[in-house]
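A.B. asks: Quick one: structure below, then a few questions.
The values are calculated or read from the model by the stated rules, or taken from the named source; none is laboratory data. The shown structure was predicted, so the numbers you read here are calculated from the model rather than taken from an experiment. Quick reminder, even Gly has a Cβ in these numbers, built from the backbone with ideal geometry, and neighbours come from all protein chains shown. What goes into the accessible areas is simple: the full protein's heavy atoms, side chains included, and nothing from ligands, DNA or RNA. Shrake-Rupley method; radii C 1.70, N 1.55, O 1.52, S 1.80 Å.
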Amino acid sequence: MEHASRRFLRLDPRAKLYLLLVANLLLFFHVNTHTEAMLVALFLALQLASGRVRMAARFALIYAVLLAVSMLVPADTPNVWLQFAALLAAGMRMMLPCFITGAYAFATTSASELVCAMRRMRAPEAVVIPCVVVIRFFPTIAEDYRQIRNAMALRGIASGGAALLRHPAQSLEYILIPLLMNATTVAQDLSVAALTKGLGRPGAHTSRTEIRMRAADWLVMLVCTMPLALDIVGVL
């Protein structure tokens, strides 16, 4: 597994946080559509370079559909439903770069790497501990969701991909309620585990995880910043 992971591009967690900041600035500065598409292509290329092919393909398909809906519907169409669909697609399309970079950073960063990076950035422990709990919380909930769906399929309850749409009330009862009850326990267990490992202990901390900003990190940060900077100054 270690040798396989070395074949892909692995960025420093601080570079990933910077890319997440760039994606949020896209929404803040309301850049042109071609600048947005250029940066989305760069973010998807990073997912491909990290070996997340299926994730990149899904986001590319979603972005293409949203872009087509928001661009093909005429702005002066009298159909209210088409106007609503175009407005909704444009809003979701503008937020998608944040989801792409967030999913990339979330899927390719371990908890130990995040802790090491945040301590290098002199982040207070009051920020580090909640971030560690969050980055471990969602994968645990996703695994619980898969186990619940497997148990439901084994008993013939709302099985299949479209079961959530065919039996919404039954799905909520058998999925949502156990997930909410388990989420409280998982959050408490992760907080206790983090404190047991000494994350809240004052003083200097050591780590077996080594992170370092390499030339690839600086190059990716520069390449992803250029379209945004050129759009802000009016070149693009």
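A.B. asks: After finding the eigenvalues of the alpha carbon gyration tensor for region 162-236, what semi-axes result from the square roots of 5 times each, listed largest first in whole Å?
C.D. replies: Largest first, region 162-236 gives 41, 31, 11 Å.
A.B. asks: What span do the alpha-carbon atoms of region 1-141 cover on each of the three principal axes, reported in whole Å from largest to smallest?
C.D. replies: On the principal axes, region 1-141 reaches 54, 35, 30 Å in Cα extent.
A.B. asks: Highest mean first, what order results for 201-212, 50-61 on Cβ atoms within 10 Å?
C.D. replies: The densest-packed peptide leads the list: 50-61, 201-212.
A.B. asks: Still on this model: Grab the eigenvalues of the alpha-carbon gyration tensor for region 91-131, scale each by 5, take roots, and send me the semi-axes largest first in whole angstrom.
C.D. replies: That gives 25, 12, 8 Å for the three semi-axes.
A.B. asks: Same structure again: If you take every residue apart from Gly198 with its C-beta less than 15 Å away from the C-beta of Gly198, what net charge results, scoring Lys and Arg +1 and Asp and Glu -1?
C.D. replies: In short, +3.
A.B. asks: Let me ask you something else. Just add up the charged neighbours of Ala103: K/R +1, D/E -1, any other residue whose Cβ is under 13 Å from the Cβ of Ala103.
C.D. replies: In short, +4.
A.B. asks: Principal axis lengths of region 124-197 from Cα atoms, whole Å, largest first?
C.D. replies: 47, 19, 17
A.B. asks: Ok, one more. Whole number in Å², please: accessible area per residue of the chain, 1.4 Å probe, ligands, DNA and RNA not counted.
C.D. replies: It amounts to 63 Å² per residue over the chain.
A.B. asks: Ranked from the most accessible area to the least, with a 1.4 Å probe and all protein chains present, what is the order of Lys16, Lys197?
C.D. replies: Putting Lys16, Lys197 in descending order of accessible area: Lys197, Lys16.
A.B. asks: Got the relative contact order for the chain handy, in percent, Cα pairs under 8 Å and 6 or more residues apart?
C.D. replies: In percent, rounded to a whole number, it is 32.
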